[in-house]
Amino acid sequence: MLTKKQRDLLLFIQDRMGEDGVAPSFDEMKDALDLKSKSGVHRLITGLVERGYLRRLPNRARALEVIRMPEDQKSAAPANTNAQSSGLFQTETGVRHIPFFGKIAAGTPIEAIRHEGDYFDAPLSMLGKGDFYALIVDGDSMKQAGINNGDTAIIRRTEQAHNGDIIVALVRGEEVTLKTLRKSGGQILLCPENDDYEVQTYDSSEVAVQGVLASIVRNY
């Protein structure tokens, strides 16, 4: 039997992940449940993990997966089935190993930052057709797009992107960055999603697209 707070938190996590595939932050969970501190959130999550409702995903700092819902919610959200379009409910085999490239580091081409032999277990619901890799987001330049420092970005490898896509861009063959793409005439605008940062403008020949953001795994 769940406490009211545990049930409320589980439903809040499920609803938020159903919207954008990203678990809410501890601060968001604290505010949603009107708790005084994040330690209260930690205790509730620990209780839900112990009772088999949540799972902390391995190799990520407290990223969460909903694995079952309360009895009165099962008809709306059955557990452990890959048929769920939201991807919240994964079987043990419902993951795919993709290359892990570490942090996006200024001055380093994307292929140079790969840690050989390192892989990330990405839920199949976050992937589609194509080739994917994972990066750790370094910095807060994309925070208004819900991408926080330390989050894991799932990137679909491609050299083509459209206006509004969040891309991994290689600038002048040297610097790698994660930004929103805007095209204007023969110029490429790499736009941060943080008002504290300025838009970077380049000739189209100076920027190579190395992937498009497919999903974000929130790390705490």
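Structure above, values below:
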| quantity | calculated |
| --- | --- |
| Selection within the stretch 165-187 - touching a strand residue (DSSP E or B) at 6+ places or on another chain (Cβ under 9 Å) and surrounded by fewer than 10 Cβ atoms within 10 Å (Cβ to Cβ) | G173, G186 |
| Strands (runs of 3 or more DSSP E) contained in the stretch 134-220 and holding at least 1 residues at positive phi and not assigned by TED's automatic domain parsing to the domain that holds E65 | 207-217 |
| Enumeration of residues in the stretch 123-133 that are in contact with a Lys or Arg (Cβ under 7 Å, 6 or more places away or on another chain) and outside any strand (DSSP E or B) | L124, L127, G130, D131 |
| Residue within the stretch 112-122 that is in contact with an Asp or Glu (Cβ under 9 Å, 6 or more places away or on another chain) and either under 21 Å from Q200 (Cα atoms) or not in a loop (DSSP other than H, G, I, E, B) (or both) present | no |
| Filter pass, T180 being among the polar types (S, T, N, Q), more than 19 Å from the chain's Cα centre (by Cα) and at pLDDT 90 or above | no |
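The values are calculated or read from the model by the stated rules, or taken from the named source; none is laboratory data. Model, not experiment: these values are computed from the prediction. Cβ sites come from the backbone with ideal geometry, for glycine too, and all protein chains shown count toward neighbours.
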